[in-house]
Amino acid sequence: MNRAKHIAIVMDGNGRWAELQGKKRVKGHEAGAKVVKKVTTYCANHEDIERLTLYAFSTENWKRPRLEVEFLMKLLEKYLRNELPTYLENNIRFEPIGDIRAFSKSLQRTIKDVKEKTAHCDGLVQSLALNYGAHDEILRAINKIKTSSENITEAMLSNALDCKHNVDLLIRTGGDHRLSNFLLWQSAYAELFFCDTLWPDFETKDLEQIIKKFTKIERRFGGLK
Ligand code: IPE
Ligand code: IPE
Ligand code: MG
């Protein structure tokens, strides 16, 4: 039986969820944040899961209307401030990935603060992908190591990435079947699950069902069974 040690999720469909109810798109992001909390605490209490990486803001999401981007920034700051006790009570370590230098100083401080205050937690690692894009991550990694005169090895590149851990199970909600620049290197052998449920409607029982299917898949990694 496979163990879903590292789960990664493209949390998609917030805007459509809100629009379907005649609400503004940002209401969907608010509802989505509640699901982040539920799914994270579920994973923290699941014995197989060591790492949960959630796509929260991509390097491409800056193309959205200014007001939506600003709302997302405020929501992120509020979430991290409010949920620090949840991280601590559930022994969750917060490890952001992505290039947060593009964010306001205040948001950067909040991100670093939650990271530092949860650094001693040794249960689940929750990574939020913030201003994250796999192309940007890979380029930053290459630029970090290119000064060395040796040939770059797979291990060297992997160690220079923001996320150094292969993904076992990658889920995308919201009905689209694409990766949208998420964890391209780390998902080389991930099992991919796409579901139509919009992120604010996603429930822990949906995750449970996906994990159940995942445990039964024959993962061959190019070999034979
Ligand atoms: C995902 O939901 C959240 C972010 C990208 C921040 P969307 O906002 O992409 O929702 P849809 O896909 O437009 O419904
Ligand atoms: C991917 O969703 C990014 C996040 C969930 C943060 P998008 O809604 O931005 O992706 P596309 O534009 O549909 O590919
Ligand atoms: Mg979307």
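Taking a ≥ b ≥ c as the square roots of the eigenvalues of the Cα gyration tensor of the stretch 6-215, is the shape rounded (a/c under 1.5), prolate (a/b larger than b/c) or oblate? Each step should come with its number before you reach the end.
On the way: a/c = 1.35, a/b = 1.24, b/c = 1.09.
Rounded is the answer for the stretch 6-215, as its axis ratio a/c remains below 1.5.
Cβ under 13 Å from residue 204's Cβ, residue 204 left aside: what net charge do those residues give with Lys, Arg +1 and Asp, Glu -1? Walk me through the numbers before you get to the answer.
Numbers: positive: 34, 37, 38, 205, 212; negative: 201, 203, 206, 208.
That works out to +1.
Please list 199, 185, 17 from largest to smallest accessible area, probe radius 1.4 Å, with all protein chains kept in place.
Values: 199 0, 185 80, 17 40 Å².
Descending order: 185, 17, 199.
Provide the net charge surrounding residue 157, with neighbours chosen by a C-beta distance below 13 Å and charges set as Lys +1, Arg +1, Asp -1, Glu -1.
On the way: positive: 140, 144, 146, 164; negative: 137, 150, 154, 162.
Combined, the nearby Lys, Arg, Asp and Glu give 0.
Which value in nm describes the separation of the simple spin-label points at residue 154 and residue 24, placed 7 Å from the Cα toward the beta carbon?
Result for the modelled spin labels: 4.9 nm.
Comparing 11, 156, 73, which has the greatest mean-square fluctuation in the GNM of the chain with Cα pairs linked when under 10 Å apart?
Maximum among the listed residues: 156.
Starting at the first residue of the stretch 130-141, write each ³J(HN,Hα) from the Karplus equation 6.51 cos²θ - 1.76 cosθ + 1.60 with θ = phi - 60°, in whole Hz, x for Gly and Pro.
So the Karplus estimates, Gly and Pro as x, are 10, 6, 9, x, 5, 5, 4, 4, 5, 5, 4, 5 Hz.
Mind scanning 34/115; 23/105; 5/213 and naming the pairs with a C-alpha gap bigger than 22 Å? Intermediate results must be reported in sequence, preceding the final value.
Values: 34/115 20 Å; 23/105 31 Å; 5/213 14 Å.
Over 22 Å apart, Cα to Cα: 23/105.
Can you tell me how much longer the chain between residue 70 and residue 192 gets when fully stretched, taken as 0.36 nm per residue apart minus their C-alpha distance, in nm with one decimal?
On the way: separation 122, 0.36 × 122 = 43.92 nm, distance 3.12 nm.
Stretched fully, the residue 70-residue 192 segment lengthens by 40.8 nm.
The values are calculated or read from the model by the stated rules, or taken from the named source; none is laboratory data. Keep in mind that this is a model prediction, so the values were computed, not measured. Heads up, the Cβs are rebuilt from the backbone with ideal geometry, glycines too, and the neighbour counts pull from every protein chain shown. Side chains are part of the model used for accessible areas, which takes the heavy atoms of the whole protein and leaves out ligands, DNA and RNA. Shrake-Rupley method; radii C 1.70, N 1.55, O 1.52, S 1.80 Å.
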